[in-house]
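Trainee: Have a look at the structure that comes next, please.
The values are calculated or read from the model by the stated rules, or taken from the named source; none is laboratory data. Quick caveat, the model's predicted, so the values are computed rather than measured. Positions of Cβ are backbone-derived with ideal geometry, glycine not excepted, and every protein chain shown enters the neighbour counts.
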Amino acid sequence: MTKIEKWILPSPTIIAQSLWQARELIWQHTIQTLYETVLGLGIAIAAGIAIATLMDLSTWLRKAVYPLLVISQTIPIIAVAPLFLIWFGYGLAPKVIVVALVCFFPITVNLADGYRMVDREMVRLMSSLGASRGQIFRMVKLPSALPFFFSGLRIAGTYSVMGAVIGEWLGASRGLGIFMTRSSQSFLTERVFAAIVVITLLSLWIFALIELLARLTMPWHYQQQEER
């Protein structure tokens with residue numbers, strides 16, 4: 001039986017040992033990546049909510065912006081990320097921008113679709129009762145669109161860490177992306193796999209946090225699902 005060298009494909013035991021031995025170094029890089037992820041995701045959420053809401057308020061704006069959102073997704077983020085390094089340098093900004101761009105589309109499109117899927121009969125009923133446009137939005141449209149928003153947020157959350165790592169691959173002094181790059185250049189493949197494990201755990205943690213937030217925000221939605 002041919003033995004596979006550990007620098008090609010390390011065993012799970014070696015990966016676990018590397019994860020433990022380099023835990024302090026990995027933790028330092030993890031904090032940086034998590035910081036970039038949270039900032040970028042926060043910006044994407046704020047921008048996504050704002051643009052989706054504006055598109056719902058204005059039909060012509062939706063017709064103008066929606067195709068641009070779709071077209072933007074045809075451009076690979078790995079292709080434009082080097083431009084951010086040229087424009088903004090090797091600091092925090094390019095990584096946050098990459099994360100925001102990766103997360104922005106699913107949040108915006110899902111929320112915009114959620115607004116459109118609102119029960120029109122309920123809107124007419126509220127209007128007949130004298131409700132203002134703001135009241136209809138707050139009491140009917142927003143609760144109806146929340147499940148769509150969190151669906152997009154779950155997708156964005158799982159991609160967010162990947163976006164930060166991509167930004168770090170292109171140039172950084174700290175972060176799991178640069179840790180992986182340095183480890184691979186030194187043929188420390190077990191450290192590369194250790195970083196992959198941490199990235200996976202971070203993505204799962206963010207997903208679980210979003211799921212918890214969704215359950216706290218819209219308990220009626222999960223209650224309806226349990227009753228079905």
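Trainee: Which of the residues spanning segment 129-147 are in a helix (DSSP H, G or I), surrounded by fewer than 21 Cβ atoms within 10 Å (Cβ to Cβ) and not basic (K, R)?
Mentor: Across segment 129-147, the qualifying residues are G134, Q135, I136, F137, M139, V140, L142, P143, S144, L146, P147.
Trainee: Can you pull out every residue in segment 92-128 that is in contact (Cβ under 8 Å) with a residue 24 or more places away in the chain, surrounded by fewer than 22 Cβ atoms within 10 Å (Cβ to Cβ) and of a type in the set (K, R)?
Mentor: R116
Trainee: Test of understanding: among T30, T59, T53, which residue is farther than 22 Å from K141 by Cα and either at pLDDT below 85 or hydroxyl-bearing (S, T, Y) (or both)?
Mentor: On the way: T59 fails: farther than 22 Å from K141 by Cα; T53 fails: farther than 22 Å from K141 by Cα.
Going through T30, T59, T53 in turn, just one is farther than 22 Å from K141 by Cα and either at pLDDT below 85 or hydroxyl-bearing (S, T, Y) (or both): T30.
Trainee: Here is a further query. All but one of (1) crowded, with 18+ Cβ neighbours inside 10 Å; (2) in contact (Cβ under 8 Å) with a residue 60 or more places away in the chain hold for S183; state the number of the condition that does not hold.
Mentor: If we test S183 against (1) crowded, with 18+ Cβ neighbours inside 10 Å; (2) in contact (Cβ under 8 Å) with a residue 60 or more places away in the chain, just (2) comes out false.
Trainee: Residues to consider are T200, T181, T217; find the one that is over 27 Å from F84 (Cα atoms) and of a type in the set (S, T, Y). Talk me through it step by step, then tell me what you get.
Mentor: Working: T200 fails: over 27 Å from F84 (Cα atoms); T181 fails: over 27 Å from F84 (Cα atoms).
It is T217.
One line per residue, one yes/no per condition, for (1) more than 19 Å from S203 (Cα to Cα); (2) among the aliphatic types (A, V, I, L, M); (3) surrounded by 20 or more Cβ atoms within 10 Å (Cβ to Cβ):
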residue	(1), (2), (3)
T13	yes, no, no
L19	no, yes, no
W27	no, no, no
Q32	no, no, yes
G40	no, no, yes
A47	yes, yes, no
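Trainee: Could I ask something else about it? Can you find even one residue in segment 70-93 that is farther than 24 Å from L142 by Cα and within 14 Å of the chain's Cα centre (by Cα)?
Mentor: Checked against the condition, which is being farther than 24 Å from L142 by Cα and within 14 Å of the chain's Cα centre (by Cα), segment 70-93 yields at least one hit.
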